[in-house]
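The values are calculated or read from the model by the stated rules, or taken from the named source; none is laboratory data. Note that the structure is a prediction, hence the values are computed from the model and not measured. No Cβ is skipped: glycine too gets one built from the backbone with ideal geometry, and neighbour counts run over all protein chains shown.
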Amino acid sequence: MVEEFAGLERVEATMRGPLAEYAASIKTIAGTHETSLSLYGSILRCPFDAGLQSARSVLVVPCVDLGILRTLAEGGLRFGQSGIGAPLIMTAKYIKDSQDTFPLELIEIHQHHMTLFGVDHFSQLAVEDDHVRLQCERELKSILIGLRQGLLAAAGREKVIGAMTTDVGEALIRTLRGMLWLKGKKEALPAQDVLDDAEQITDRKLTGMRTALDPFTNHGWDQFDALYRDVEALGEIANAW
């Protein structure tokens, strides 16, 4: 019988069994009193489509043991087929030391996570606004460079250009969450609400971003151009804050 984990009633019913098996497997292989496993992101929002999304998690261990990671990897294909992605591996020290270098990623986990077993390392977060602003600016500039290079590599192929528009959506939402954090909006919000609030604080319609996040909208040159203009404008705003 697979161990039951408190909180799994919050996830899609079809994912509860696979996630309980996944957590039990990790606890058996890597479990000590200092090990913890937390789910975060879209798996905690219903509906969840295992065909389109991956359940994400963070495994916090006392130290990184490659042998244990290799053993965990042996079940990766089986869990991947159930819509469960490979966990992020961190230590408590890594989390503490990364609050100045990767604040956006930690904010994303902090805002919407659930700890299945062990200590909750993400309920409290001590990130500084300057570090958040710098990473927002860096992320937006990196996305711009990626869009430019991708456009050249696409060699005029409309399908490739459209794919780039959808690929950057997750990074952009993470960055917008950081920009909202800087303005005191620190609660967890779904992507569409993040866009709504971001338009208010920046006084700009983010039409390109909305299109990029809509899987049912055509993604071609016009949408790519609109997305590029949005990212460019947001980079200038972040730089000025």
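Would you call Gly17 assigned to a helix (DSSP H, G or I), not assigned by TED's automatic domain parsing to the domain that holds Leu176 and not acidic (Asp, Glu)?
yes
How many of the residues making up the stretch 196-231 are within 24 Å of Ser42 (Cβ to Cβ) and either of a type in the set (Lys, Arg) or not in a helix (DSSP H, G or I) (or both)?
9
Which one is surrounded by the fewest Cβ atoms within 10 Å (Cβ to Cβ), of the residues in the stretch 40-62 that are hydrophobic (A, V, I, L, M, F, W, C) and farther than 15 Å from Val119 by Cβ?
Per the criteria, the residue is Leu52.
Limited to the stretch 83-93, what total is found for residues that are farther than 15 Å from Leu37 by Cα and either outside any loop (DSSP other than H, G, I, E, B) or polar (S, T, N, Q) (or both)?
1
Taking interchain pairs and intrachain pairs at least six residues apart, which have beta carbon atoms under 7 angstrom, with the first residue in the stretch 201-220 and under 27 Å from Trp181 (Cα atoms) and the second of a type in the set (Asp, Glu) and part of a helix (DSSP H, G or I)?
Lys205/Glu199; Leu206/Glu199; Leu206/Asp230; Gly208/Asp230; Met209/Asp230
Which of the residues belonging to the stretch 26-55 are under 15 Å from Phe79 (Cα atoms) and modelled with pLDDT of 95 or more?
Across the stretch 26-55, the qualifying residue is only Leu39.
Can you confirm whether Leu66 is assigned by TED's automatic domain parsing to the domain that holds Gly85 and surrounded by 11 or more Cβ atoms within 10 Å (Cβ to Cβ)?
Spelling it out, it is not the case that Leu66 is assigned by TED's automatic domain parsing to the domain that holds Gly85 and surrounded by 11 or more Cβ atoms within 10 Å (Cβ to Cβ).
Within the stretch 181-195, is there a residue that is more than 28 Å from Gly51 (Cα to Cα) and in a helix (DSSP H, G or I)?
Checked against the condition, which is being more than 28 Å from Gly51 (Cα to Cα) and in a helix (DSSP H, G or I), the stretch 181-195 yields at least one hit.
In the stretch 69-82, which residues are over 14 Å from Ser57 (Cα atoms) and either of a type in the set (D, E, K, R) or assigned to a helix (DSSP H, G or I) (or both)?
Leu69, Arg70, Thr71, Ala73, Glu74, Leu77, Arg78, Gln81
Going by the conditions given, is Val127 crowded, with 19+ Cβ neighbours inside 10 Å, more than 16 Å from the chain's Cα centre (by Cα) and farther than 18 Å from Leu182 by Cα?
So Val127 does not fit the description; no.
Can you name the residue in the stretch 94-121 that is within 21 Å of Glu170 (Cβ to Cβ) and in a strand (DSSP E or B) and is also farthest from the chain's Cα centre (by Cα) among such residues?
Applying the filter and picking the extreme gives Met114.
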